[in-house]
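Here the structure is laid out as structure tokens; the discussion comes afterwards.
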Amino acid sequence: MSVRKFEPSENTGIPEEVYDEFIIDTDVHLDLQMLDDLYPYMDDRIVDKLDRPLGDYQFSAIDWLPTWGNEGGGVGVDSNGAAKTGEDILEMMEQIGIDVPLVTPGMNSLPQVNYPRMKEEVCRAYNDYLLEKVTSVHENIRGQAMIPLWDPEATVEELERIGDEDDIAGAYAWFGKYWRLGNPEYDKVYEKLLELDLPLTLHLDVASYPDPSTPNGGAIRTWIEAIGFAPAMHAMMNAVNMIVTGVFDKYPELNVVYQEGGYHWLPFVAYRIDEFYQHTPEDIQLAERMYDQGKKYLDRMPSEYLFDNFYFSTQPVCLPDSNRHYEWLLEIEQAENTMIFATDWPHSTNDPPTWIIDNPAIDEELKDSLFRGNAQEVFRI
Amino acid sequence: MTKHTVASVDEIPEGEVMGVEVDGIEIAIVNIGGEFYGIQNVCLHRRQRLHTATQERINEEDCITEGPGVINQEECWMTCPGHDWKFDLKTGENPATGKRMRTFEVSTEDNEIQVEI
Ligand code: FES
């Protein structure tokens with residue numbers, strides 16, 4: 001008989017093979033609670049408002065949290081830790097087996113704050129902090145710059161300021177309430193992103209939960225609805241909006257990365273957008289970008305942009321019970337070209353790389369695409 | 001069924017968990033108010049290990065919530081540190097789905113914790 005005892009930090013469920021793989025993790029969050037760490041990088045007028053009792057109330061006025069939805073410690077944003085510096089990220093990399101983390105902010109309530117100048121200042125401060133305290137610690141740690149997507153001019157300004165830093169791999173924003181990304185005012189953002197060779201990353205955020213003042217949002221009762229479906233609706237709508245207003249005809253090289261917006265909806269949207277495009281294509285010419293270019297139709301079938309210009313982070317992976325079904329999904333979703341691995345560490349919904357290793361539906365080639373190939377292609381790494 | 005000594009009683013304080021492996025079988029031993037419970041250590045969801053539930057996290061002092069997993073002594077359940085699935089330690093059942101983890105008889109004798117396999 002053999003008996004072995006495990007230390008709490010030993011045998012965590014991450015198999016050895018994970019450490020043999022070169023893994024790029026495209027969504028590793030810094031701590032949610034680091035607003036005051038950014039004060040030294042901010043304008044005093046903003047710090048004066050934030051640094052007082054309840055000064056961050058708009059950042060924490062959140063309609064939906066998993067606090068009542070699980071017994072595992074409530075909000076789940078720091079279930080696996082709270083990273084503030086590059087040293088903390090190095091520790092995370094060692095624990096989970098990550099080689100290149102593309103660090104993302106934890107402040108996913110920023111879009112709901114009512115003062116644009118305050119939000120823009122937080123973006124600037126975060127990006128300075130990221131470059132000084134996080135990415136500078138190790139050459140493998142790269143960051144996604146937080147951009148004020150609610151304002152295209154401010155976004156371009158911030159990208160001009162820090163977008164060409166070597167440690168910036170992407171431009172991070174959120175699904176938001178709905179950014180009207182098909183509107184031509186965003187063209188300048190797309191042009192800047194292309195010039196810098198950066199993808200636009202859109203992540204789930206607090207503002208993409210259903211608005212309780214609307215009949216739709218007022219009807220929901222569960223965290224399942226708030227987190228699981230409302231942001232995915234925004235993701236779908238954003239994608240369709242960008243495609244049918246001709247964003248990718250004008251900017252065929254532009255890439256958009258969806259984080260936590262789901263992706264098993266890909267076949268639904270692909271078949272449906274093509275069906276409707278063929279049935280009713282004649283008002284596309286009225287969208288400003290199409291009209292101004294004198295274009296009548298899209299250059300390609302709409303679903304082709306969905307599979308070519310969009311990338312999808314894998315977390316939460318939502319595996320079907322049947323392996324056969326998973327193989328079909330991966331094939332239909334063109335996973336070898338569209339999916340990129342992400343843990344979403346340290347949130348409670350995080351997926352360590354375990355599910356890819358030894359998954360019979362994932363062969364070596366696909367594993368290569370998921371763990372690194374697609375991320376290398378889309379991010380500036 | 002054979003009883004295997006896996007640890008001494010004082011190695012696992014109340015509200016704590018220890019992971020052991022007996023002849024290749026991984027078991028999480030949990031101390032609930034002085035009573036010991038054994039449950040399969042490898043989570044049926046994505047194979048994370050239950051014994052890491054009370055592991056200290058990066059910047060633990062800055063974390064606003066409990067985690068990575070939780071042990072509830074009053075109601076005798078714990079959550080997996082992976083994705084918060086809740087397991088009844090007496091039955092191994094996840095109450096929301098009825099999915100079940102294997103449980104093991106655990107007893108104590110002369111300050112030793114013994115698991116029956
Ligand atoms: S691995 Fe246990 S809940 Fe996911």
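Throughout, read-outs are computed from the coordinates displayed, never taken from laboratory work. Quick caveat: nothing in here was measured; it's all calculated off a predicted structure. With ideal geometry, Cβ positions are generated from the backbone for all residues, glycine too; neighbour counts draw on all protein chains shown.
When A:Met242, B:Met101 are ordered from fewest to most other Cβ atoms inside 10 Å of their Cβ, what list results?
On the way: A:Met242 27, B:Met101 22.
Least to most surrounded, the residues fall as B:Met101, A:Met242.
Given axes a ≥ b ≥ c from the Cα gyration tensor, I'd like to know whether the stretch A:18-378 is rounded (a/c under 1.5), prolate (a/b larger than b/c) or oblate. It would help to have the intermediate numbers written out before the result.
On the way: a/c = 1.38, a/b = 1.13, b/c = 1.22.
In terms of gyration-tensor shape, rounded.
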Got a sec to turn the phi values of the stretch B:50-62 into Karplus ³J(HN,Hα) couplings, 6.51 cos²θ - 1.76 cosθ + 1.60 with θ = phi - 60°, whole Hz, x for Gly and Pro?
4, 5, 8, 4, 10, 4, 5, 9, 4, 6, 3, 5, 8
Whole-Hz Karplus couplings 3J(HN,Hα) for the stretch A:140-151, θ = phi - 60° and coefficients 6.51, -1.76, 1.60, Gly and Pro as x, run 7, 7, 10, x, 10, 5, 8, 10, x, 5, 5, 9
Please list 3J(HN,Hα) in residue order for the stretch A:33-47, calculated via the Karplus relation 6.51 cos²θ - 1.76 cosθ + 1.60 where θ = phi - 60°; whole Hz, with x for glycine and proline.
9, 10, 4, 5, 5, 8, 3, x, 9, 10, 4, 4, 5, 7, 4
Relative contact order of the stretch A:229-293, please, whole-number percent, based on alpha carbon pairs below 8 angstrom and at least 6 residues apart.
47 percent
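What does the charge add up to near B:Ser107, with Lys and Arg as +1, Asp and Glu as -1, over the other residues with Cβ less than 15 Å from its Cβ?
Values: positive: B:Lys3, B:Lys90; negative: B:Glu35, B:Glu105, B:Glu109, B:Asp110, B:Glu112, B:Glu116.
Taking every other residue near B:Ser107 into account, the sum is -4.
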Mind checking which of A:Glu327, A:Glu282, A:Glu260 has the largest fluctuation in a GNM of chain A, springs on alpha carbons under 10 Å?
A:Glu282
Springs between alpha-carbon pairs under 10 angstrom, Gaussian network model over chain A: which of A:Asp37, A:Asp78, A:Asp205 fluctuates most?
A:Asp37
Fewest-first ordering of A:Glu94, A:Glu87 by Cβ atoms within 10 Å yields A:Glu94, A:Glu87
Checking the cross-link filter: which lysines have an alpha carbon closer than 28 Å to that of B:Lys86, excluding same-chain neighbours under 8 positions apart?
A:Lys5, B:Lys3, B:Lys99
Could you please rank A:Glu10, B:Glu109, placing first whichever residue has the fewest other Cβ atoms within 10 Å of its Cβ?
B:Glu109, A:Glu10
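In percent, how large is the relative contact order of chain A, given Cα pairs closer than 8 Å and 6 or more residues apart? Show your work: numbers first, answer last.
Details: 611 pairs, mean separation 74.9, N = 381.
Once divided by the residue count of chain A, the mean separation gives 20 percent.
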Compare A:Asp164, A:Asp351, A:Asp27 in a GNM of chain A, Cα atoms joined below 10 Å, and give the one with the largest fluctuation.
A:Asp164
For the stretch A:138-214, just say rounded, prolate or oblate: build the C-alpha gyration tensor, square-root its eigenvalues into a ≥ b ≥ c, call rounded for a/c under 1.5, and beyond that prolate if a/b exceeds b/c, oblate if not.
oblate
Dipole of the protein assembly as shown [Lys/Arg +1, Asp/Glu -1 at C-beta], most positive-end residue of A:Met242, A:Ser213, B:Gly98:
A:Ser213
Using modelled amide H (1.01 Å from N, peptide plane; none on Pro or chain starts), what sits under 5 Å from the amide H of B:Asn41, excluding residues fewer than 5 places away?
B:Glu26, B:Ile27, B:Ala28
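Under a point-charge model restricted to the Cβ atoms of Lys and Arg (+1) and Asp and Glu (-1), what is the dipole moment magnitude of chain A relative to its Cα centre, in debye to the nearest 20? Mind showing how you got there, number by number?
Working: 27 positive and 71 negative charges, 259 e Å.
Value, rounded to 20: 1240 debye.
Of all chymotrypsin sites (Phe, Trp or Tyr not before Pro) in the stretch A:288-381, which ones are in loop regions per DSSP and have a Cβ with at most 15 other Cβ atoms within 10 Å? Walk me through the numbers on the way to the answer.
On the way: sites: A:Tyr291, A:Tyr297, A:Tyr305, A:Phe307, A:Phe310, A:Tyr311, A:Phe312, A:Tyr326, A:Trp328, A:Phe341, A:Trp355, A:Phe371, A:Phe379; in loops: A:Tyr297, A:Phe341, A:Phe379.
Taking the stretch A:288-381 and a limit of 15 other Cβ atoms within 10 Å, the loop chymotrypsin sites (Phe, Trp or Tyr not before Pro) found are A:Tyr297.
Hey, got a sec? Which trypsin sites (Lys or Arg not before Pro) in the stretch A:79-121 land in a DSSP loop and have at most 16 other Cβ atoms within 10 Å?
Details: sites: A:Lys84, A:Arg117, A:Lys119; in loops: A:Lys84.
Answer by residue number: there is no such site.
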Those GluC sites (Glu not before Pro) from the stretch B:56-91 that are DSSP loop and have at most 12 other Cβ neighbours within 10 Å turn out to be B:Glu56, B:Glu74, B:Glu75
For B:Ile32, the residues 5 or more places away or on another chain with a placed amide H closer than 5 Å to its own amide H are B:Gly15, B:Tyr37
A student applying the Cα gyration tensor rule (rounded when a/c is under 1.5; otherwise prolate if a/b is larger than b/c, oblate if not) would label the stretch A:297-349 oblate
Given backbone amide H placed at 1.01 Å from N, residues whose amide H is under 5 Å from that of A:Tyr172, ignoring those fewer than 5 places away on the same chain, are A:Ala145, A:Met146, A:Ile147, A:Thr201
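Given Cα pairs under 8 Å that are at least 6 residues apart, what percent is the relative contact order of the stretch B:18-61? Walk me through the intermediate numbers first.
Working: 48 pairs, mean separation 12.5, N = 44.
Once normalised by length, the contact order is 28 percent.
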